[in-house]
Amino acid sequence: MDAGPVQYDERECETAPSERERRVDADTSVCRTLQGAEMRLRVAHLPIFLVCFLSVPLAMAQQVAATPPMGWNSWNHFAEKVSDPVVRAAADALVSSGMRDAGYVYVNIDDAWQGKRDEKGIIHSNEKFPDMKALADYVHAKGLKLGIYSSPGPKTCAGFEGSYGHEGQDAQTYAAWGIDYLKYDLCSFGEMLLKEPPQEAFQTMVDAYKKMHEALQKTGRPIAFSLCQYGVAAVWRWGPDVGGNLWRTTGDINDTYDHMAEIGFGQAGLAKYAKPGHWNDPDMLEVGNGGMKPDEYRTHMSLWAILAAPLLAGNDLSNMTPETLAMLTNREVIAIDQDTAGMQGDRFWAEGPYEIWVKPLADGSKAVGLFNRADPLAGSAPIKIAFKDLGFQGAVKVRDIWNAKDLGVMEEYVASVPGHGVVLLRVK
Ligand code: GLA
């Protein structure tokens, strides 16, 4: 799509699932009705010497999410059972398992940490989180960062206290606790939007995200800002303008191949909106939660790496198998995701259930995912890639990432790809 007035992409709405009936209504109505114009930030005119000698080095030193954020989030496995001990155990496991050293540094508390506001309006954590500052200190002492969750609405999706009317206060509270990441989830704000005419509703939503961004900025603490409104109103077009470091492009993932694949392969066309500091977010990982087969989890990881997606593990890190850990910490897969060029990959070719996705990498090589979406009962299928079609001249060096094997120098390759599986190559 070209830049210009934003029209909601109906396809995204139809595929955006939700676990809560109440929100389905809100979401789909918002989907149907929202339209909007692209936001443009006014850039202040700074003296050139300031830009060169002060602002740029400062900004670079502080760039949040220069590569897609990596870490862990409590929701996919623990949901409302999250607690201080659960979060500390996740932090411990990130270190002892080697995941921190592989890049997983954010420890993100999702919904259900919130208690009540006091008479001054200050939010307090609930009894499961006796001392948020102490928890942040604990997490920081391990070389990790702490994330938290709220909503622009009065209530979060799980019915806890949202930030509506308390944005500035909440941002200050988070900063005082030592929070490094905020996931800001539309939830009950979506219901409020239904009371407004479509064009106003769009602007109201944009303003709500911008308001929290400005409140976070005012704290002076670098806090990654994660937009969660399920991809409605083409958020990838305006997410960066409201300070989003990442924005969900879809409804909630779950631990099934069909839904993971629907989300992952549904990201085609969004690559141009990703760049360092600003990422499309097809939702958190389900690897290790038990609902998918190893080939399916490899597809999940490979696709998310090619998509330059945030890698937020969503499993119980204290109880994971060596296979799960190996999959999550495969350094070559992570290198594809975290590549410094920050170019999201995209679908290159598709024929029936067979797809090839390609991501250009900083050193001139390309990550190539050969995916077979057919039923595993149909067995493996050959998928061929001619490297000249990817812009290479002559023979190229080909490495099979999951098998950690150099395949040799060649002009084309035919992979045997199992149903629901992938062969992930790095080609140079
Ligand atoms: C929404 C989000 C999920 C999770 C839950 C918490 O459904 O999309 O990722 O944060 O809310 O209630």
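Every number in this text was worked out from the coordinates using simple rules, so none of it is lab data. As the structure is a computational prediction, the values presented were derived from the model and not from experiment. Reconstructed Cβ throughout: ideal geometry from the backbone, glycine too, with neighbour counts over all protein chains shown.
Observations
- Within the range 240-264, the set of residues being outside any strand (DSSP E or B), under 22 Å from Ala341 (Cα atoms) and away from the ligand (no atom under 12 Å from the Cβ) comprises Pro240, Asp241, Gly243, Gly244, Asn245, Gly264.
- Taking the listed residues Phe189, Phe225, the one that is of a type outside the set (D, E, K, R), within 16 Å of the ligand (Cβ to nearest atom) and part of a strand (DSSP E or B) is Phe225, with no other qualifying.
Here is a yes/no grid of residues against (1) crowded, with 20+ Cβ neighbours inside 10 Å; (2) in contact with an Asp or Glu (Cβ under 6 Å, 6 or more places away or on another chain); (3) over 22 Å from Val333 (Cβ atoms):
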{"residue": "Val107", "(1), (2), (3)": "yes, no, no"}
{"residue": "Asp110", "(1), (2), (3)": "yes, no, yes"}
{"residue": "Glu119", "(1), (2), (3)": "no, no, yes"}
{"residue": "Ile122", "(1), (2), (3)": "no, no, yes"}
{"residue": "Ser151", "(1), (2), (3)": "yes, yes, yes"}
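- Candidate set from the range 291-311 (those that are assigned to a helix (DSSP H, G or I) and more than 16 Å from the chain's Cα centre (by Cα)); member that is surrounded by the fewest Cβ atoms within 10 Å (Cβ to Cβ): Pro294
- Residues of the range 162-186 that are of a type in the set (A, V, I, L, M) and either in contact with a strand residue (DSSP E or B) (Cβ under 7 Å, 6 or more places away or on another chain) or within 17 Å of Phe129 (Cα to Cα) (or both): Ala175, Ala176, Ile179, Leu182, Leu186.
- Members of the range 350-396 that are over 17 Å from Glu412 (Cβ atoms) and either touching a His at 6+ places or on another chain (Cβ under 6 Å) or part of a loop (DSSP other than H, G, I, E, B) (or both): Gly352, Pro353, Leu361, Ala362, Asp363, Gly364, Arg373, Ala374, Asp375, Pro376, Gly379, Ser380
- Residues that are among the polar types (S, T, N, Q) and within 11 Å of the ligand (Cβ to nearest atom) within the range 146-164 comprise Ser150, Ser151, Thr156, listed in sequence order.
- Tally, over the range 397-428, of residues that are touching a Lys or Arg at 6+ places or on another chain (Cβ under 8 Å), under 20 Å from Asn330 (Cβ atoms) and part of a loop (DSSP other than H, G, I, E, B): 4
- The single condition among (1) of a type in the set (Gly, Ala, Ser); (2) under 16 Å from the mean Cα position of the chain (by Cα); (3) assigned to a loop (DSSP other than H, G, I, E, B); (4) buried (at least 20 other Cβ atoms within 10 Å of the Cβ) that Ala268 does not satisfy is (4).
- For the range 176-197, the count of residues that are touching a helix residue (DSSP H, G or I) at 6+ places or on another chain (Cβ under 7 Å) and without any contact (Cβ under 8 Å) to a residue 12 or more places away in the chain is at least one.
- Note on the range 72-105: among residues that are over 12 Å from Lys142 (Cβ atoms) and within 16 Å of the chain's Cα centre (by Cα), the one that is surrounded by the most Cβ atoms within 10 Å (Cβ to Cβ) is Trp72.
- Hits in the range 312-349 (condition: of a type in the set (A, V, I, L, M), under 16 Å from the mean Cα position of the chain (by Cα) and either in a loop (DSSP other than H, G, I, E, B) or within 21 Å of Ser74 (Cβ to Cβ) (or both)): Leu312, Ala313, Leu328, Met343
- The range 79-130 - residue that is assigned to a loop (DSSP other than H, G, I, E, B) and among the polar types (S, T, N, Q) and, of those, farthest from Ser318 (Cα to Cα): Asn126
- In the range 111-145, residue nearest to Pro310 (Cα to Cα) [restricted to those that are under 22 Å from the mean Cα position of the chain (by Cα) and within 16 Å of the ligand (Cβ to nearest atom)]: Asp111
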